[in-house]
Amino acid sequence: MLELNDQNTYTDEVPILDKRIIHFCFDDDKYKNTFFINSLLRANIHTIGDLVKFSYGDLLDLTGVSTHFINKVDRLLFSFGLRLSEYSKRISFQCHNKYELKILNTPLREVEIASSKTQNKTIIHALERASVFCIGDLLKLADKELLSFRMISRGRLKLIKNFTENFSRNLYENSKTSRK
């Protein structure tokens, strides 16, 4: 894309959000860099603009993407004054009545996040150490925040995400039927 600059000459400047990711080097190892870029391309992430629409957790869900590369992406975006999205592509919700508010204030100890009792206890313990005590608090957190908590691994993050997505979906469906 040619643009006219101050000296009335044309330059080959492309806006940063339109720059293709294949032009960036995320790792010194050429093989790892190619593998990472191919993972992004498979997820239809072709430009920096596409990349900033994803959250830390969304990228972590992609095959072939590790926290090492996501941190490098974060640093690269920061150098351009950009950041990864704060919000996951989860279902959003709004409170419409007292019933929904009561459910969102349900303590985490009363719900089952993971099917295994020990896994469930570990997740709830980790969340409570980070001052997350009810379902509403959990739904507000971004994936990157959850991963920063001690004892929340990638596998446990997936369990939490599955729980919150199912919970949000059920809450939305119940609110639709209660309004009719």
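All of the numbers you see were taken from the coordinates with simple rules; none came from a lab. Given the structure is predicted, the values throughout are model-derived calculations rather than measurements. Quick reminder, even Gly has a Cβ in these numbers, built from the backbone with ideal geometry, and neighbours come from all protein chains shown.
Some points to look at:
- Judged by the mean number of other Cβ atoms found within 10 Å, the most tightly packed of the peptides 76-82, 135-141 leads the ranking 135-141, 76-82.
- Three-way shape label, segment 40-79, alpha-carbon gyration tensor, a/c 1.5: oblate
- Pairs spanning more than 32 Å between alpha-carbon atoms, out of Lys30/Lys117; Lys102/Lys144; Lys32/Lys121: Lys30/Lys117; Lys32/Lys121.
- A DSSP coil position with no more than 13 other Cβ atoms inside 10 Å describes the following trypsin sites (Lys or Arg not before Pro) in segment 40-88: Lys53, Arg83.
- Residue-wise HN-Hα coupling along segment 127-143, computed from phi with Karplus coefficients 6.51, -1.76, 1.60 (Hz; x: Gly, Pro): 5, 5, 4, 9, 6, 10, 10, 10, 4, x, 5, 5, 5, 7, 7, 7, 4
- A DSSP coil position with no more than 16 other Cβ atoms inside 10 Å describes the following GluC sites (Glu not before Pro) in segment 104-139: Glu112.
- For segment 15-65, the square roots a ≥ b ≥ c of the C-alpha gyration tensor eigenvalues yield an a/c of 1.5 or more together with a/b not exceeding b/c, which makes the shape oblate.
- For segment 52-62, 3J(HN,Hα) per residue [Karplus equation, 6.51 cos²θ - 1.76 cosθ + 1.60, θ = phi - 60°, Hz, x = Gly/Pro]: 6, 7, 9, 8, 4, x, 4, 5, 5, 6, 6
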